[in-house]
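Okay, structure first, notes after.
The values are calculated or read from the model by the stated rules, or taken from the named source; none is laboratory data. Predicted model, so just to flag it, every value in this text is computed and none were measured. Reconstructed Cβ throughout: ideal geometry from the backbone, glycine too, with neighbour counts over all protein chains shown.
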Amino acid sequence: MTEVNERVLLDEEFRYATVSIEHLEELQRDFDDLYEEGHLSDNKTFLSYIEGKRYAVPDSFPEAKSVVVLAVRTPLALVNFRADGKQYETIVPPQYYSSGRTVEQIMNTIHQKIIGEPGSRLEYANQHLLLKRLAVRSGLGRYGRNNICYVDGMGTLLTLHAFFSDHEFSTDNWVEARMMDECHNCTICMDSCPQGCISEDKFVIDVGRCVTLYNEIGGEFPEFIHPDSHNALMGCMKCQAPCPANQDVLKRTIRLEDVISEETQAILEGNHTEELLGTLGRKLRGFGGLPSPEAFAVLRRNLSVLIS
């Protein structure tokens, strides 16, 4: 039986599971099979996200014995942009703003509350591993029909973290990947996607048509992106917002500091100064890489389509 643990991490709920590194080879086979069977998108941007990531112990940590995978509750954020006497409320999904937690803080909590003893080595694994599949195979989460990872009590409003450890845990969680029971007779997410990315007969979504892929990077939106697809400052909540598994957790939102009219106008006109970049980086909690000029350009384009 899979044992998933829930504790308190930096005053926020989190759940975790531990797996032996012996399972990494099987995870890699899962991924390779999807690729060879043509289920993964051949979109260049998507491939750049997964390039270099493999389910394997890194050369820098050959003595690793386990992987700790954590889901940390991260609420949906709301932020108001003011312009021309109007207020435009926008949403920022969990992965696009900083919660204020550092990797070091999470590592300290793992030492204190999960391992429970000093001396074990931890190495951050997010840059090495594809976390969604790991979370599902560890029993920490389950897939939705939209191919997003759901965790009990959190829905999809979470951030995933993984760490290699030389600590050998007594519990080794490992399960077959499966979809939530609630999804089998439900097509709400499929019906809600303006891009038709989710299908009933194909479990992996059509990433190459998903608005999320294009509003994370610079440049113009492709012509096939439907205007109704734009709904968040970055990312997309079209399939997650109406999902029954998310209704309770969507009630727990946080609000970022308002962006005042002068700042909004400067964004829309593309007039950024070092001071404005710093202010936006603070108010939007590092949204998309702020205060970099590249992130500002993405913010300008995404905000423009939302307001228009």
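Numbers for the structure displayed
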read-out: Checklist (1) crowded, with 19+ Cβ neighbours inside 10 Å; (2) within 23 Å of residue 46 (Cβ to Cβ) applied to residue 303, failing item; value: (2)
read-out: Any hit, the stretch 196-213, residues being within 16 Å of residue 97 (Cβ to Cβ), out of contact with any His (no Cβ under 7 Å at 6 or more places or on another chain) and assigned to a helix (DSSP H, G or I); value: yes
read-out: Search result, residues across the stretch 259-299 that are within 15 Å of residue 79 (Cα to Cα) and part of a helix (DSSP H, G or I); value: 261, 263, 264, 267, 279, 280, 281, 282, 283, 287, 288, 299
read-out: Subset of the stretch 201-223 [under 20 Å from residue 183 (Cβ atoms) and without any contact (Cβ under 8 Å) to a residue 24 or more places away in the chain]; value: 201
read-out: Of all residues in the stretch 40-65 being within 29 Å of residue 122 (Cβ to Cβ), part of a loop (DSSP other than H, G, I, E, B) and hydroxyl-bearing (Ser, Thr, Tyr), the one that is modelled with the highest pLDDT; value: 60
read-out: Total residues in the stretch 227-254, condition part of a loop (DSSP other than H, G, I, E, B), surrounded by 14 or more Cβ atoms within 10 Å (Cβ to Cβ) and polar (S, T, N, Q); value: 2
